[in-house]
Amino acid sequence: MPAENRILASIPDHEKRALLPKLEGIVLRKPEVICETEQFSEYAYFPTGGLLSLLSVSEEGDLREIAAVTREGFIGPPILSDAASCPFQIVVRITGRAFRIRTRELLRACKELPGLQAALLEQTQEFVRRVCARVACHHSHTPIQRLSGWLLTVRRAIDADDFELTHETLALSLSLDRSIVTRAALELYNRRILSYHNGHVTIHDVRALQATACSCEQASSHGSDSELSPTRRDRTTATPRLS
Ligand SMILES: [Zn+2]
């Protein structure tokens with residue numbers, strides 16, 4: 001059973017059994033666009049790994065990330081209505097596995113499975129709270145605090161200290177100029193907290209990264225970095241690079 005997605009793991013066992021035949025295991029690969037703005041979303045997605053980015057698109061075509069979705073959440077239609085058009089562009093940022101279900105089947109299942117409906121409503125509420133927290137974060141915390149918090153979110157999503165993230169993705173996710181992201185990453189590198197080379201991030205000191213991060217991203221997660229295995233690396237053998 002798909003226990004890796006927090007929502008699916010939280011519903012009663014008999015509801016999991018009812019839902020299972022409708023779920024299809026897939027791999028979402030970056031930089032796939034799984035839904036365009038204002039288009040009908042044929043599927044809803046329950047990630048079990050990787051990271052998806054929800055982007056708003058301005059009339060001028062500028063992109064701004066509204067939220068990131070990991071295995072703690074889902075991508076799907078408004079649960080309280082039959083509307084299935086997607087208000088965001090949804091892009092795969094980090095490749096990972098997911099379960100998908102046809103949108104109409106999910107809406108039907110919500111009417112039959114109260115545990116599922118409650119879990120999705122709770123997640124929808126959490127999503128709104130996270131979007132509001134992100135706006136507040138943007139105005140209240142420094143780039144290095146925000147970059148640190150976001151990197152911890154990614155680490156938690158994929159259970160790894162090494163991952164691929166381009167400068168462009170970091171800048172878009174944080175709504176910052178690339179030059180500002182570069183300065184913040186350089187500061188983390190100088191503190192020997194991480195390496196960043198050719199779009200590859202390696203976290204060397206998780207505790208220091210946690211100490212640097214603002215609490216916004218961490219508070220918005222149901223997970224905790226302390227739940228993961230210790231990953232602080234031997235500073236004498238690590239070879240941090242930044243480029
Ligand atoms: Zn913050």
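Worth a mention:
- Residues of region 120-139 satisfying the condition of being touching a helix residue (DSSP H, G or I) at 6+ places or on another chain (Cβ under 8 Å) and within 16 Å of the ligand (Cβ to nearest atom): A133, R134, A136, C137, H138
- Selected residue [surrounded by 21 or more Cβ atoms within 10 Å (Cβ to Cβ), away from the ligand (no atom under 14 Å from the Cβ) and assigned to a helix (DSSP H, G or I)] from L170, L151, L147, L186: L170
- Candidates G25, G50, G61, G73 - the one that is modelled with pLDDT under 90, of a type outside the set (D, E) and closer than 21 Å to V91 by Cβ: G61
- Qualifying residue in region 149-158 (condition: in contact with a helix residue (DSSP H, G or I) (Cβ under 6 Å, 6 or more places away or on another chain) and over 21 Å from P47 (Cβ atoms)): no
- Pairs where the first residue, in region 161-176, is at positive phi and in the same structural domain as R134 (by TED's automatic domain parsing) and the second is surrounded by 17 or more Cβ atoms within 10 Å (Cβ to Cβ) and of a type in the set (S, T, N, Q), C-beta under 8 Å, 6+ apart: none
- Test result for F99, out of contact with any His (no Cβ under 9 Å at 6 or more places or on another chain) and modelled with pLDDT of 95 or more: yes
- Among the residues here, S58 qualifies as out of contact with any Pro (no Cβ under 7 Å at 6 or more places or on another chain), among the polar types (S, T, N, Q) and outside the structural domain of G149 (by TED's automatic domain parsing).
- Scanning region 42-71 for residues that are in contact with a strand residue (DSSP E or B) (Cβ under 6 Å, 6 or more places away or on another chain), outside any strand (DSSP E or B) and surrounded by fewer than 21 Cβ atoms within 10 Å (Cβ to Cβ) yields T48, G49.
- Residues that are of a type in the set (K, R) and under 21 Å from I94 (Cβ atoms) do not occur anywhere in region 180-190.
The values are calculated or read from the model by the stated rules, or taken from the named source; none is laboratory data. Given the structure is predicted, the values throughout are model-derived calculations rather than measurements. FYI the Cβ positions are ideal-geometry reconstructions off the backbone, even for glycines, and counts take in every protein chain you see.
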